């Protein structure tokens, strides 16, 4: 039962004329009010009353209660007439010790009365014991998106920071650690042992290991490490970066207006700029009319402004999809019937057609094209029995598709499919015990990660560098929760 004590407030009329200077702003008759406390709890030394009348708030002076008194009559002074609400606190300290942060020992439930000229009003106020509870709360950002490289994994958090785990180019982290000095991130691309982030201001920042092509830009020595992200120059003046992709050794970015720039290794013409070269640390303009970009091992594919899929670079197993095995330093058509997304693996490519089915081409020695065979294809073939696909990602020898409703189907090198089986699968199989998937990532490597609707992240597959994020380096045949 809550301990209470009661007071009665009496208000009597007093004419405006008695107020004197300093009260002219009251604008009419006022009353004088008195607070009568019939029972004073042990310890109460001070009472504070706040009165709200219309839009006006009146704060009478703090009222001292004599220690040990059985009752008390305290003056509230003069109050304007009108409909009034009284609120009050009582303290077990002297009024001289009460500040704006002092916690009241007793709190009165609000009480109302109408103070009118010529009438006497009375209102009872009941105080209840106030026992505040101190709690602690930790606010942690949730995961907004997940990304994978060959040997590492990354998460963009809802607060714009980034965490990473696995072979990140600095050390092997078996559980997520924050990337230092990186905020306001909008999206990420991850390559071999490096990653690049696009900030909300459209600038690009990369960190990790700088391979011979110069994937970290001109400000990091070849063969050197950047433990703190460094900005990639040469992209300013073309609008904000809207999309970015990374192969093992090169990076491509799309700026506003559809301009495509690439940097890093261009040994097979993967920039699509019409030239080849092995060292391009500064972004090179490739083409315009680009919607989005994906990067594989020494080749690049784009979805252009007209929903065509085009690819450039290495083509030894048909990963460009143009019916040949000839490398191309310019973009060639892979699919001109219309697509909504394209994904590049290590040496095979998949796209989502306009009808939400999937086409794949390139290397197929593990069944990674999903057409029921193990034959590589130089042109797109249909993935069998798959529809309602909303996202597609490709790995080293496997492919996964996120379906409407949040389930996942994968095919190819089965030890990395999350099914727990070891035989390769040339046809799509649903990853068991996995639902509510809202995001998917695979990128030329042998592991995959998904973001679930409950904000958890699960990864599976190769884990020799800790890329699964479960605190071990043991291979994970099935989806395993990342230990954030």
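Worth pointing out:
- Test: residue in the range 215-224 that is buried (at least 16 other Cβ atoms within 10 Å of the Cβ), in the same structural domain as residue 154 (by TED's automatic domain parsing) and either under 24 Å from residue 303 (Cβ atoms) or in contact with a helix residue (DSSP H, G or I) (Cβ under 7 Å, 6 or more places away or on another chain) (or both): yes
- Filter result for residue 264 (under 25 Å from residue 327 (Cα atoms), assigned to a loop (DSSP other than H, G, I, E, B) and in the same structural domain as residue 341 (by TED's automatic domain parsing)): no
- Elements of type strands (runs of 3 or more DSSP E) in the range 1-67, at least 3 residues being touching a strand residue (DSSP E or B) at 6+ places or on another chain (Cβ under 8 Å), under 20 Å from residue 124 (Cβ atoms) and modelled with pLDDT of 75 or more: 30-37, 46-53
- Test result for residue 175, closer than 25 Å to residue 236 by Cα, touching a strand residue (DSSP E or B) at 6+ places or on another chain (Cβ under 9 Å), surrounded by fewer than 18 Cβ atoms within 10 Å (Cβ to Cβ) and assigned by TED's automatic domain parsing to the domain that holds residue 437: no
- Applying the criterion of being within 26 Å of the chain's Cα centre (by Cα) and buried (at least 23 other Cβ atoms within 10 Å of the Cβ) to the residues of the range 251-265, the residue that is farthest from residue 331 (Cα to Cα) is 255.
- Some residue of the range 153-171 being buried (at least 23 other Cβ atoms within 10 Å of the Cβ), in contact (Cβ under 8 Å) with a residue 60 or more places away in the chain, more than 15 Å from the chain's Cα centre (by Cα) and part of a loop (DSSP other than H, G, I, E, B): no
- The residue list 94, 124 contains one member that is over 19 Å from residue 31 (Cβ atoms) and touching a residue at least 12 places away in the same chain (Cβ under 8 Å), which is 94.
The values are calculated or read from the model by the stated rules, or taken from the named source; none is laboratory data. Not measured: the values here are computed from a predicted model. Quick reminder, even Gly has a Cβ in these numbers, built from the backbone with ideal geometry, and neighbours come from all protein chains shown.
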